[in-house]
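Notes for the one structure printed next.
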Amino acid sequence: MAPTSVAPAISATSAASSAPTRPGPAAAAPAASAPQGPAGVAAGVAGDLVEPSQASLHVSGRPAEPAQRQSRQPRPVVTELRLSAFGPHRAAVFPLGPLTLFAGPSGSGKSQALAAYEALAGLGSGAVLEEVFPDPRARIPDRAVPDAQRRRGFRLGCTVDGPVGPVRLDLAVQAEPTLRIVGERLSQDGQILLATALRDPGRRSVQAAWLTGGAIGVTRAPLPDDRLGTALLPLRVAGSTAGQRQVLAAAEQVVVALRAVFPCDPRPDLMRAAVPQGEGRLLGDCANLADVLRRTRKECGTRHALLAEAARTGCAGPVAGLDVRASAGGGPVAAVLDRGPGRPATELARLGGGELRFLALALVLLTGPGVLAVDPAAELLSARQALTVLADGFDRGLDRRQSAELLRLALLSCGRGHIRLVATVGEGTAAIARDLPGVAMVDLGP
């Protein structure tokens with residue numbers, strides 16, 4: 001059960017020092033004590049994200065070489081989202097399964113949870129802070145009080161499971177007065193592999209320390225304060241020692257999982273017009289749905305047939321299939337519903353908003369990275385990657401029949417392992433989902 005309430009006020013300092021009851025579905029790791037004064041991590045924001053000493057990078061004398069074990073889940077996937085201090089959430093821990101649905105009343109933090117996941121995905125893909133947090137003040141914990149330097153911020157993180165086992169990523173972001181990363185920690189089995197700290201507020205960099213092993217033990221270097229250090233490590237670490245190889249394996253697992261994310265919010269108002277023919281990769285707003293249907297009809301006959309079958313449930317009237325009409329000479333293409341022999345086809349432009357959203361989401365669930373506009377890791381086979389679809393308002397504008405059919409498709413696709421779904425839903429869809437095996441429900445209180 002997700003938290004039903006959050007702390008009413010989180011000051012920049014108390015977020016680091018207080019020890020509130022953790023009402024989330026799983027307990028977060030205990031916080032380490034943060035150093036005080038200018039030599040420490042920016043106290044009001046980073047909290048328990050502290051730069052380790054060389055000794056702390058070698059916890060209990062453990063060997064640096066990662067254990068060579070066969071994971072039961074070889075595809076890197078995000079299995080936990082942590083919102084230590086983010087919007088309405090405080091010390092919240094959300095386990096994520098193949099199909100996870102967030103439900104709760106307006107204002108309970110459903111959309112904020114998905115926004116945090118999407119932001120981590122963007123940073124993992126190499127985006128800068130300004131791109132993933134265009135309005136960072138909206139992510140500051142409710143009623144947070146600035147510290148003596150008028151700094152406020154937020155904290156979030158995730159756990160990624162995969163071939164090397166669970167790897168934790170924790171991030172502290174300063175939102176005011178300047179947007180910057182002030183603390184980052186990558187850890188595995190309690191061992192800190194990478195830690196960054198803001199040492200000089202006048203410089204646009206953080207001091208990073210990562211495990212090296214061998215005679216050096218720890219490598220220290222500055223990293224930019226507007227990018228995720230974990231995503232930069234493959235460019236900075238040679239992998240010549242056992243410690244470096246452990247750091248690289250953990251960082252690459254996190255980056256692979258975060259890059260394979262497709263935020264999806266179909267916009268019916270953009271899906272009605274004919275669109276130019278292109279490469280047939282579905283955009284996040286699904287505005288080019290007709291062009292994608294042109295491609296799936298030609299190249300993915302089985303999946304196209306499954307989509308047409310779903311349309312019989314989700315669209316009003318008889319549906320014999322899905323077709324496209326292209327202008328001569330490779331001009332714009334429009335999609336139509338084939339109504340069967342003797343019946344005129346219906347252009348998608350004439351369908352209702354709920355029908356268009358249904359078709360777009362069904363297409364997302366029935367396809368994969370090759371059809372969706374995502375940029376998965378090119379160095380890994382697609383069979384070793386799992387695409388995660390983020391859908392805020394998954395059932396928006398849908399009736400009960402359409403929602404139930406999308407849940408059926410989601411269970412089918414997520415059960416095969418190549419797609420995961422994290423979405424927010426209304427109470428009607430949540431009531432259906434609670435009775436379905438394989439759906440992980442996160443119920444947020446007011």
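Tell me, which residue of segment 261-280 that is open to solvent by 10 Å² or more (accessible area, probe 1.4 Å) and under 28 Å from residue 161 (Cα atoms) is nearest to the chain's Cα centre (by Cα)? Filtering first and then ranking leaves 261. Of the residues examined, residue 146 is not one that is assigned to a loop (DSSP other than H, G, I, E, B), modelled with pLDDT of 95 or more and out of contact with any Phe, Trp or Tyr (no Cβ under 8 Å at 6 or more places or on another chain).
Restrict the check to segment 242-260 and report whether at least one residue is over 18 Å from residue 169 (Cβ atoms), open to solvent by less than 50 Å² (accessible area, probe 1.4 Å), hydrophobic (A, V, I, L, M, F, W, C) and in a strand (DSSP E or B). No, that holds for no residue. Looking across segment 226-241, the residues that are assigned to a helix (DSSP H, G or I) and open to solvent by 10 Å² or more (accessible area, probe 1.4 Å) come down to 231, 232, 234, 235, 236. Candidates are the residues of segment 381-403 that are among the aliphatic types (A, V, I, L, M) and surrounded by 15 or more Cβ atoms within 10 Å (Cβ to Cβ); the one that is modelled with the lowest pLDDT is 386.
For segment 286-303, name all the residues that are assigned to a helix (DSSP H, G or I), open to solvent by less than 60 Å² (accessible area, probe 1.4 Å) and either more than 15 Å from residue 360 (Cα to Cα) or modelled with pLDDT under 90 (or both). Write out each step before concluding.
Filtering segment 286-303 down to residues assigned to a helix (DSSP H, G or I) leaves 289-299, 301-303.
If we keep only those that are open to solvent by less than 60 Å² (accessible area, probe 1.4 Å) as well, we get 289-296, 301.
Selection gives 301 alone.
Given the structure, is residue 283 in contact (Cβ under 8 Å) with a residue 40 or more places away in the chain and either of a type in the set (Ser, Thr, Tyr) or crowded, with 21+ Cβ neighbours inside 10 Å (or both)? Spelling it out, it is not the case that residue 283 is in contact (Cβ under 8 Å) with a residue 40 or more places away in the chain and either of a type in the set (Ser, Thr, Tyr) or crowded, with 21+ Cβ neighbours inside 10 Å (or both). Residue-level check: of (1) open to solvent by less than 10 Å² (accessible area, probe 1.4 Å); (2) at positive phi, residue 119 misses just (2). Can you tell me which residues in segment 337-369 are in contact with a Ser or Thr (Cβ under 7 Å, 6 or more places away or on another chain) and surrounded by fewer than 18 Cβ atoms within 10 Å (Cβ to Cβ)? Of everything in segment 337-369, just one residue is in contact with a Ser or Thr (Cβ under 7 Å, 6 or more places away or on another chain) and surrounded by fewer than 18 Cβ atoms within 10 Å (Cβ to Cβ), namely 339. For segment 126-143, a tally of residues being in a loop (DSSP other than H, G, I, E, B), modelled with pLDDT of 95 or more and touching a strand residue (DSSP E or B) at 6+ places or on another chain (Cβ under 9 Å) returns 3.
Hey, any hits in segment 171-182 for a residue that's over 19 Å from residue 256 (Cα atoms), touching a residue at least 40 places away in the same chain (Cβ under 8 Å), within 22 Å of the chain's Cα centre (by Cα) and part of a loop (DSSP other than H, G, I, E, B)? Scanning segment 171-182, I find at least one residue that is over 19 Å from residue 256 (Cα atoms), touching a residue at least 40 places away in the same chain (Cβ under 8 Å), within 22 Å of the chain's Cα centre (by Cα) and part of a loop (DSSP other than H, G, I, E, B), so the answer is yes. The condition of being more than 23 Å from residue 115 (Cα to Cα), crowded, with 19+ Cβ neighbours inside 10 Å, touching a residue at least 60 places away in the same chain (Cβ under 8 Å) and of a type in the set (Gly, Ala, Ser) holds for residue 334.
The values are calculated or read from the model by the stated rules, or taken from the named source; none is laboratory data. Just so we're clear, the structure is a prediction, and the values are computed from it rather than from any experiment. Please note: Cβ atoms are built from the backbone with ideal geometry, for glycine as well, and neighbour counts cover all protein chains shown. Note: areas computed on protein heavy atoms with side chains; ligands, DNA, RNA excluded. Shrake-Rupley method; radii C 1.70, N 1.55, O 1.52, S 1.80 Å.
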